[in-house]
Structures are given as C-alpha cells and as structure tokens.
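*Asks:* Sharing a structure with you now.
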Amino acid sequence: MTNRQFIACAFRKGDTRTYTYHNDREPVAVGDEVIVTTARGPSKVFVSALIDEVPKFETKPIVGLAPQVIDPAGAALLAGLEAMTREDERERRA
C-alpha cells in the first residue's frame with residue numbers, strides 16, 4: 001500500500017486557484033494530468049503542487065492518471081472531459 005499523497009490541482013494550466021485532493025495510488029508529480037470526480041462528473045485537472053502537510057479539511061480522491069496514449073475511445077472520453085472542464089470554467093466566471 002502506498003502512502004496518501006495530498007496534491008493541489010488546477011482545472012486549467014496556469015490557473016492560480018487550486019483544489020486539494022488526495023492520492024492513494026502510485027505517486028504523482030507536479031505537471032501530471034489526473035482525473036477527479038466533480039459535481040458534473042469526471043474532469044481532467046493538472047497537478048500544480050505536492051502538499052507536505054495533512055490538510056485540516058476532508059479531501060476527495062483522484063480517480064487516476066489521465067490517459068496519455070489516446071485511442072479513439074480514449075480521445076472521445078478526453079474530449080468530453082475537456083468540454084466539461086471548459087463549461088465549469090464558464091459557469092464559475094458567470
């Protein structure tokens with residue numbers, strides 16, 4: 001079993017607002033793309049920082065690494081995730 005890893009994630013590269021998730025799988029690194037579950041379903045996010053201390057609030061788990069090798073089914077899934085992420089961003093700005 002791996003140690004729990006706490007990570008700060010941004011929904012778009014370069015975003016300054018981050019959300020804290022935890023990872024109980026193989027360790028991830030800054031710059032990795034991972035999948036998380038949001039109220040709107042799965043979303044691809046970017047690991048922007050590794051957090052050394054246990055947060056004082058409850059965190060949600062990551063689902064896993066985002067697919068790197070894209071087959072046709074994976075491409076459709078990734079396109080859908082990216083569309084949901086863009087829609088979430090538009091709603092946050094409204």
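*Asks:* Measure nothing fancy, just the Cα-based angle from helix 72-93's long axis to the longest principal axis of the chain, in degrees from 0 to 90, nearest 10.
*Replies:* Roughly 80 degrees, rounded to the nearest 10.
*Asks:* Along the positive direction of the dipole of the chain (beta-carbon charges: Lys, Arg +1; Asp, Glu -1; about the Cα centre), which of Pro67, Ala83, Val54 reaches farthest?
*Replies:* Comparing the listed Cα positions along the dipole, Ala83 ranks first.
*Asks:* Give me the extension gain from Thr37 to Glu53: residue separation times 0.36 nm, minus the current Cα-Cα distance, reported in nm with one decimal. Mind showing how you got there, number by number?
*Replies:* Values: separation 16, 0.36 × 16 = 5.76 nm, distance 2.27 nm.
Gain in length upon complete extension: 3.5 nm.
*Asks:* Now for a separate question. May I ask you to derive the FRET efficiency for His22 and Leu78 from their Cβ-Cβ distance with R0 = 25 Å, giving the value to the nearest 0.05? Walk me through the intermediate numbers first.
*Replies:* Details: r = 23 Å, r/R0 = 0.93.
Given R0 = 25 Å and the Cβ-Cβ separation, E is 0.60.
*Asks:* Can you give the local net charge around Phe6? Use residues other than it whose beta-carbon is closer than 9 angstrom to its beta-carbon, Lys and Arg +1, Asp and Glu -1. Please report the intermediate quantities before stating the final value.
*Replies:* On the way: positive: Arg4; negative: Asp52, Glu53.
Computed value for this residue: -1.
*Asks:* Please compute P(r) over all alpha-carbon pairs of the chain, binned at 5 Å starting from zero, and give each bin as a whole-number percent.
*Replies:* For the chain, the binned pair fractions read 3, 14, 24, 25, 19, 11, 4, 1, 0 percent.
*Asks:* Follow-up. I'd like the FRET efficiency for Arg93 and Val63, computed as 1/(1 + (r/R0)^6) with the beta carbon distance as r and R0 of 30 Å, rounded to 0.05.
*Replies:* On the way: r = 25 Å, r/R0 = 0.85.
So the FRET efficiency works out to roughly 0.75.
Each reported figure results from applying straightforward, stated rules to the coordinates on display, with no laboratory input. On a predicted model such as this, the values are computed, not experimentally measured, just so you know. Because the Cβ atoms are built from the backbone with ideal geometry, glycine has one as well, and the counts that use them run over all protein chains shown.
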